[in-house]
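Peer 1: A single structure is presented below for examination.
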Amino acid sequence: MAAPEAAVADRSWEEHQGCSMMEFTERMKADAEEQKPLVGIVGRLVAQLVDANDKLPADKEITVFHAQKAPAVVVTDYAERIAKYSSCSSCCFVVGMIYVDRFIVQQRAKRHEFKVNSLNVHRLMLSSIMVAAKFLDDFYYSNEFWAKIGGVPNAELNTLELEFLFLTNFDLQIKRSLYEKYRDALLQWDVDNTNNALGIGDGLRIVPKQVPVGA
């Protein structure tokens, strides 16, 4: 499995020729340590987003990601479950958020209404993190195993993955600078522990409860 610091391909030893190999390794270890809390942070942020969106009118358009009723498992526990049993690197949760942002932006570009709420968050989170793990990690489990982790049938997860890829235009490449922007914003959001807009993407944002998400 790839280390979290290897999440973005354009950070390499060649870019750090001004330091020794030992210094470079220590920087990478520091990166990995810094990213350990990201699973919990992403879970809490998405849970707050869902809480805000559930107070808004329901989406008129139903997608394959929408359930008939909200699953019983809370978002924070679901994120921890994915991390525990998939063994994916913590950076996959950050990249998954970037992918969800891209997903929402594409929906809005097509004038499709889509809000991350309690009916779609579990399938969306599962799909985005699984796609991130496949793209980033050297080792990842089969869809069948991911389906067991997420509590959905394997055939349904296959459909969710394909739909997610098409609805993001297969845009999976992420520059290191963008990854660091999201990571740093997430870590700062956790420190501030506020309801203010996270301000890192066009689609996935925490906003004050009186302001509609996406405004």
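The values are calculated or read from the model by the stated rules, or taken from the named source; none is laboratory data. This one's a predicted model, so the numbers in the text were calculated from it and none came from an experiment. Because the Cβ atoms are built from the backbone with ideal geometry, glycine has one as well, and the counts that use them run over all protein chains shown. All accessible areas refer to the heavy atoms of the entire protein, side chains included, with ligands and DNA or RNA removed. Shrake-Rupley method; radii C 1.70, N 1.55, O 1.52, S 1.80 Å.
Peer 1: In this structure, is ASP190 part of a helix (DSSP H, G or I), at negative phi and free of Cβ contacts under 8 Å to residues at least 60 places away in the same chain? Explain how you work it out, then say what you get.
Peer 2: Values: part of a helix (DSSP H, G or I): yes; at negative phi: yes; free of Cβ contacts under 8 Å to residues at least 60 places away in the same chain: no.
In short, no.
Peer 1: Also, quick follow-up: Any residue in the stretch 179-192 that is open to solvent by less than 50 Å² (accessible area, probe 1.4 Å), over 16 Å from VAL39 (Cα atoms), modelled with pLDDT under 85 and not hydrophobic (A, V, I, L, M, F, W, C)? Spell out the reasoning first.
Peer 2: We begin by selecting, within the stretch 179-192, every residue open to solvent by less than 50 Å² (accessible area, probe 1.4 Å); these are 179, 182-183, 185-187, 189.
Subset that is over 16 Å from VAL39 (Cα atoms): none.
Among the residues of the stretch 179-192, not one is open to solvent by less than 50 Å² (accessible area, probe 1.4 Å), over 16 Å from VAL39 (Cα atoms), modelled with pLDDT under 85 and not hydrophobic (A, V, I, L, M, F, W, C), which makes the answer no.
Peer 1: I'm trying to understand the selection: among the residues of the stretch 153-174, which are in a loop (DSSP other than H, G, I, E, B), touching a Phe, Trp or Tyr at 6+ places or on another chain (Cβ under 9 Å) and open to solvent by 60 Å² or more (accessible area, probe 1.4 Å)?
Peer 2: So in the stretch 153-174, the residues in a loop (DSSP other than H, G, I, E, B) come out as 153, 168-174.
Filter once more, keeping what is touching a Phe, Trp or Tyr at 6+ places or on another chain (Cβ under 9 Å): 168, 171-174.
Across the stretch 153-174, the qualifying residues are ASP171, GLN173.
Peer 1: Same structure, new question: Scan ALA72, ALA83 and give me the residue that is open to solvent by 10 Å² or more (accessible area, probe 1.4 Å), hydrophobic (A, V, I, L, M, F, W, C), in a helix (DSSP H, G or I) and closer than 24 Å to ASP51 by Cβ. Talk me through it step by step, then tell me what you get.
Peer 2: On the way: ALA72 fails: in a helix (DSSP H, G or I).
Just a single option satisfies the conditions, and that option is ALA83.
Peer 1: Which one of the conditions (1) surrounded by 15 or more Cβ atoms within 10 Å (Cβ to Cβ); (2) in contact with a helix residue (DSSP H, G or I) (Cβ under 7 Å, 6 or more places away or on another chain); (3) in a helix (DSSP H, G or I) does VAL116 fail to meet, given that it meets all the rest?
Peer 2: It fails just one condition, (3).
Peer 1: Could you list, in sequence order, all residues of the stretch 123-152 that are loosely packed, with under 15 Cβ neighbours inside 10 Å and acidic (Asp, Glu)?
Peer 2: Answer for the stretch 123-152, where residues must be loosely packed, with under 15 Cβ neighbours inside 10 Å and acidic (Asp, Glu): ASP138, GLU144.
Peer 1: If only one of LEU167, LEU162, LEU126 is touching a residue at least 60 places away in the same chain (Cβ under 8 Å) and of a type outside the set (S, T, N, Q), which one is it? Break it down into steps so the answer makes sense when it comes.
Peer 2: Working: LEU162 fails: touching a residue at least 60 places away in the same chain (Cβ under 8 Å); LEU126 fails: touching a residue at least 60 places away in the same chain (Cβ under 8 Å).
Unique residue meeting the criteria: LEU167.
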